[in-house]
Structure formats: structure tokens, C-alpha cells
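Okay, so here's the structure we're looking at.
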Amino acid sequence: MATDLSASFNEQYININTKLKKRFMRKPNITEAANEFLALAIQCEHSEQPAFAGQTYVGAAKCEASIGNLLGEAEHYISAARQFMKAEKKLAALKFHSPDRENLEAAIGCYTQALSKYPEKSPIRTSILLELAEELVSLDLKSEALVYYEQALETATNGVVNLMCSRKIINLLIDCRKYEYALEMANKICESNTHIPEGVLTELQVSRVLLALLVEPAEEIRSDSLKQFLDDLLNDEDSTALPFNMDLRLKLQSIVISSSMDPQSLVSVVASSKPHFTMQQRELLETLILEKQT
């Protein structure tokens, strides 16, 4: 069945391509070919053959490129990228991983082609980068996703999108155990004049405390804002940078003091503190315990 479908697809694809070849005294009908490519792509989608659909959307994109329709070209490349990514996810769900990553590389290539059609600061460009990054995260390719989140951050002109990208980058850096870079990014956000909703700021500052305990930056390279933040925390100073309720503040104080003065008590302190933290922050706490025990 799969062989028959492949043969049918190849035959139809070749037939459409043949129409694009110049003939004596006759120009090819690009619009007709593009429409046939799109019809074949939709047929492949309905047949649950995303790799074939991706190839056919690429054919439609090339047709649009040949007549100078950049936006139509970009749209079809995005459709192709999504189909190739769908094909990659199907393989991943079956626990089959191709060493050459044909579908994944095709998807990234198509997203890249689409990106090149938009201005550097275009919101559409930012959304494409975010889509690609999120797809890579879903495939557990977090280090690769980081690259595209960072590019999205550079292109983002909206404060909300900028903050969202920054949070994603911090979380991925933590997942990739790049704690120093995560702390640097957290410091950068907290030192900016960006408005940060209280709930987001609370989560960010808790992670900042834990990262500072893990990284233990030397005094001379510790940022002024981080020094002030930790001093205010330990001295019970009121500050907009400390959006903690009393219970959370006490737990963080206990963790900071235990980490530096009594590492053996850290296990019991952490055990009673877990309900206050996210799953990722709990993992940071576990890592901190292991670090202090070695």
C-alpha cells in the first residue's frame, strides 16, 4: 500500500514538474502548476503522508518564487516545514531516529527559507522563530531550540514577547545545566526596566536565588543587583524586587543560610520547602544538595 502511494505521488509530482519545463514557443503555466502542487499537497495530508506533503509544498513555493511572489513563497515554505516536522514527530513517536534527520533538516531548511522573506524586525519573523524553537523543544532538542529562542529575542519588538522569550531561554538553560548563563540572563531581566507581572517576577527571583547558590559567582563579578537582592532577602528588607509572601521568604532565607553555613541541614530544609517551588526549581534544589554533599 505504501509503495503504491509512493509510486502515485512520484508520478503526479513528475507530471507537474514536466509542465514547468519550457517548450518551443510556449511559456510554462506557473500558476496552474502551483495550484496542482497545492492540490497534491492537500491530498498527501489527507492520506497522512506528511513527508510527501512537505515536498509538494516546496514545489509550490518554488513556483511562487519564480513569479516573484515572496509572501506566497514564504507561506508555502512554512506549510512545508510544518509537514516535515509532523513527519519527524511520527518517527519519534515510533522511537525511530534517523541519523541523517532528513525530515527535521528539511523542516529547519524550510523555516529558514521562510524567514529570509521577512524584514529582520518583522513580528512574523519572530513568530516563525518561536514556532521552530517550540517544535524543537517538543522533540527534546533543547540545545538547538535555544539558538532560535535567542534569535527570536533579538527580533522581538514587543515587551511581552521579549519577556516570554527571556523566560523560555532561562528555563532551557537550566534544563541544559548551563547555570551560569541562566543566572546572567535572570540578572539581565531583573536589571531591565521592563514591567514584570508579580507572579512571573516571583518565579524568576526564586530561580535566581537557587542559581546564585549553585553558581556561587565570585564577589568581584557578582552583579550589584544580585548583591542587593540577596542582602535585602537575608535582612528582611522590603523591596519591589522581593515579591515573596512570608512563608516563601522564610524558606528562601533558610536555604541560603543552610547552603553557606550548614549544608547538612539543607536536606531537611529543602524537603519542607518543595511545595513552594516549581518542578524545575525542585530539580535545582536537588542539584544544590548533591553539589554541597561532594
Working note, region 222-294: Cα radius of gyration (Å, one decimal) and Dmax (Å, whole number) are 12.5, 36
With a 1.4 Å probe and all protein chains kept in place, how do LYS86, LYS292 rank by accessible area, largest first? LYS86, LYS292
Run the reach check for LYS19 against lysines, Cα to Cα strictly under 23 Å, same-chain hits fewer than 8 apart removed. What comes back? LYS27, LYS62
Top of PRO119, PRO243, PRO197 by mean-square fluctuation, Gaussian network on the chain, Cα under 10 Å: PRO197
Have a look at SER98, LEU71, LEU40 and report the one farthest towards the positive end of the charge dipole of the chain, computed about the Cα centre with Cβ charges (Lys/Arg +1, Asp/Glu -1). LEU40
Hey, if you put +1 on the Cβ of every Lys and Arg and -1 on every Asp and Glu Cβ in region 139-294, which of ASN193, TYR148, VAL160 ends up farthest toward the positive end of that dipole? TYR148
Length added when fully stretched, GLU286-ASN29, from 0.36 nm per residue minus Cα-Cα: 86.1 nm
Compare LEU139, LEU129, LEU153 in a GNM of the chain, Cα atoms joined below 10 Å, and give the one with the largest fluctuation. LEU139
For ILE124, put the label point 7 Å out on the Cα→Cβ axis and report which residues of region 155-170 keep their amide N under 19 Å from it. 155-158
Taking a straight Cα-to-Cα line shorter than 17 Å from LYS251, and setting aside same-chain lysines fewer than 8 residues away, one finds LYS274
With each run of n ≥ 4 DSSP H residues scored as -39500 (n - 2.57), what mean residue ellipticity at 222 nm is computed for the chain after dividing by its residue count and rounding to the nearest 500 deg cm²/dmol? -24500 deg cm²/dmol
By a straight-distance test (C-alpha under 17 Å), which aspartates and glutamates pair with LYS90 as possible cross-link partners, with residues fewer than eight away in the same chain excluded? GLU45, GLU48, ASP100, GLU102, GLU105, GLU134, GLU135, ASP140
Between the helical axis of 30-46 and the dominant principal axis of the chain, each derived from Cα atoms, what acute angle in degrees is found, rounded to the nearest 10? 60
Give me the number: length gained by fully extending SER116 to MET246, i.e. 0.36 nm times residue separation minus the C-alpha to C-alpha distance, one decimal in nm. 41.8 nm
Gap in Å between the Cα centre of region 132-171 and the Cα centre of region 94-114? 19
Area of ILE108 that stays accessible when all protein chains are in place (1.4 Å probe, Å², to 10): 20
Region 201-294 - charge dipole about Cα centre, Lys and Arg +1 at Cβ, Asp and Glu -1, debye rounded to 20: 340
Tally up the carbon and sulfur contribution to the accessible surface of the chain as a whole percent, 1.4 Å probe, everything protein left in place. 53
The distance between the Cα centres of region 176-244 and region 48-62, in whole Å, is 47
Over the chain, with the other protein chains present, what is the accessible area per residue in square angstrom, probe 1.4 angstrom? 55
Cα-based helix-to-principal-axis angle, 198-215 vs the chain, degrees rounded to 10: 70
Please say if region 94-188 is rounded, prolate or oblate, where rounded means a/c under 1.5 for a ≥ b ≥ c the square roots of the C-alpha gyration tensor eigenvalues, and otherwise the choice is prolate for a/b larger than b/c and oblate otherwise? oblate
Just the Kirkwood number for the chain, please: inverse of mean 1/r across all distinct Cα pairs, in Å, one decimal. 22.4
On a 0 to 90° scale, report how tilted helix 142-155 is relative to the longest principal axis of the chain, with both axes built from alpha carbons and the result rounded to the nearest 10. 90
What is the dipole size for the chain, taken about its Cα centre, with +1 at each Lys and Arg Cβ and -1 at each Asp and Glu Cβ, in debye to the nearest 20? 1380
Distance violations [Cα-Cα > 22 Å] among LYS121/LYS168; LYS168/LYS188; LYS142/LYS168: none
With label points built 7 Å along Cα→Cβ from the Cα atoms of GLU220 and GLU144, find their separation and express it in nm. 4.2
Given charges of +1 on the Cβ of Lys and Arg and -1 on the Cβ of Asp and Glu, with all other atoms neutral, how large is the dipole of region 32-151 about its Cα centre, in debye to the nearest 20? 160
Mean-square fluctuation check for the chain, GNM, Cα pairs under 10 Å: which of LYS188, LYS95, LYS178 is largest? LYS95
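The values are calculated or read from the model by the stated rules, or taken from the named source; none is laboratory data. Because the structure is predicted, anything quoted here is derived from the model rather than measured. No Cβ is skipped: glycine too gets one built from the backbone with ideal geometry, and neighbour counts run over all protein chains shown. Note: accessible area is taken over every heavy atom of the protein model, side chains too, but ligands, DNA and RNA are not part of it. Shrake-Rupley method; radii C 1.70, N 1.55, O 1.52, S 1.80 Å.
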